[in-house]
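Asker: Handing you a structure now.
The values are calculated or read from the model by the stated rules, or taken from the named source; none is laboratory data. Since the model is a prediction, treat every value here as computed from it, not as a measurement. Cβ placement follows ideal geometry from the backbone for every residue including glycine, while neighbour counts extend to all protein chains displayed. Please note that ligands, DNA and RNA were not included when accessible areas were found on the heavy atoms of the full protein model with its side chains. Shrake-Rupley method; radii C 1.70, N 1.55, O 1.52, S 1.80 Å.
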Amino acid sequence: MNRYITRGIDNNLPIILQQQLWKLVAQREHEQFDDNESLDYFHIFQFNMHNDQLCIKHKQERPTYVKTHKTNVKQSININKVYIIREDDVDLSYYVMLLPDEY
């Protein structure tokens with residue numbers, strides 16, 4: 001499936017974190033598929049520093065899901081939250097990674 005990023009993501013989120021978020025989405029959707037759960041199209045990622053390490057909290061509403069992941073990043077970033085939305089059109093499905101103010 002195609003993946004797109006907005007200008008805000010391109011300018012503000014390091015590529016290593018972009019790649020990690022794409023992996024987390026793929027893992028979560030694989031888990032949901034294996035468990036025969038309905039797939040939530042909306043992924044929310046929040047960033048927090050904990051013990052000098054950047055952590056990512058991955059959340060979804062339906063079904064309720066919250067999991068925190070550690071990163072290899074030791075520096076804080078100027079972004080608090082990122083969305084990844086799956087768009088399912090009749091002929092095409094794709095993902096978009098964006099900042100909340102770009103929604």
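Asker: Projecting each Cα onto the charge dipole of the chain (Lys/Arg +1, Asp/Glu -1 at the beta carbon, about the Cα centre), which of Trp22, Tyr65, Phe47 comes out farthest on the positive side?
Answerer: In the chain, that residue is Phe47.
Asker: Is the shape of the chain best called rounded, prolate or oblate, per the rule: a/c under 1.5 gives rounded, else a/b larger than b/c gives prolate, else oblate, with a ≥ b ≥ c the square roots of the Cα gyration tensor eigenvalues?
Answerer: Verdict is oblate for the chain.
Asker: Let me ask something else. What percentage of the solvent-accessible surface of the chain, computed with a 1.4 Å probe over protein heavy atoms, is contributed by carbon and sulfur atoms?
Answerer: That share works out to 44 percent.
Asker: Just tell me which lysines come within less than 19 Å, Cα to Cα, of Lys59; anything on the same chain fewer than 8 places away is out.
Answerer: Those lysines meeting the cut-off are Lys23, Lys67, Lys70, Lys81.
Asker: Let me ask something else. Per residue, how many Å² of accessible area does the chain show with a 1.4 Å probe?
Answerer: I get 66 Å² per residue for this part.
Asker: Quote the relative contact order of the chain in percent (integer), defining contacts as alpha-carbon pairs under 8 Å separated by 6+ residues.
Answerer: 32
Asker: Which value, in Å² rounded to 10, gives the accessible area of Lys59 with a 1.4 Å probe and all protein chains present?
Answerer: Accessible surface of Lys59 is approximately 70 Å².
Asker: Could you work out how far apart the two model spin labels at Glu87 and Asp35 are, taking each label as a point 7 Å from the Cα in the direction of the beta carbon, and quote it in nm?
Answerer: Placing both labels 7 Å beyond Cα along the Cβ direction yields 2.9 nm.
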